[in-house]
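Everything below concerns the one structure shown next.
The values are calculated or read from the model by the stated rules, or taken from the named source; none is laboratory data. Note that the structure is a prediction, hence the values are computed from the model and not measured. With ligands, DNA and RNA removed, areas are computed over all heavy atoms of the protein, side chains included. Shrake-Rupley method; radii C 1.70, N 1.55, O 1.52, S 1.80 Å.
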Amino acid sequence: MKKIAVSIRNRVFSESIHLILRQTGDFRPVRISAQSPGAIQIECESAKPEILLMDVTPTPPGTTLADRIELIGRLRQTLPDCKMVLLCDEIAYPELAHEVMRAKQIGKIDAFFYASVTAEYLTAALNAL
């Protein structure tokens, strides 16, 4: 069973993903604060997940792609085996979605998903990481 930390600001979306991951039986999801990068870092270092799933949005500060990449850089120092995964709404933020794809291409993140992905695909892809 893979431990996956979920840090998503939208509580409804976060709860839905947490429930889906728990129901598969393949994951041990843990909720991680989505309030600030510092809180996320502290909670992740404590939980030691195998995968960290975070959302990325253009605002507020702390959830921008630049802020997420900076946080991922710090987390890689203390959790080098943790896979860093971003979730982006490609419909609301098409330019940001393209930037997230580029971040994957250049190795800044391990994987990304668009918000429109099916639950089945999300869980299968996370399980394959």
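The table below lists the values:
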item: Added length on full extension, which subtracts the Cα-Cα distance from 0.36 nm per residue, Glu95 to Ala119; result: 6.3 nm
item: Per residue, the convex hull volume that the Cα atoms of the stretch 60-129 enclose (Å³); result: 91
item: The stretch 14-76 versus the stretch 107-129: alpha-carbon centroid distance in Å; result: 14
item: For the stretch 1-51: Kirkwood Rh in Å [reciprocal of mean 1/r, alpha carbons]; result: 11.0
item: Accessible area of the chain belonging to carbon and sulfur atoms, whole % at 1.4 Å probe; result: 54
item: Extension gain (nm, one decimal) between Gln35 and Asn127, 0.36 nm per residue minus Cα-Cα; result: 30.5 nm
item: Kirkwood Rh and Cα Rg combined as Rg/Rh, the chain; result: 0.92
item: Per residue solvent-accessible surface (Å²) - the chain, probe of 1.4 Å; result: 52
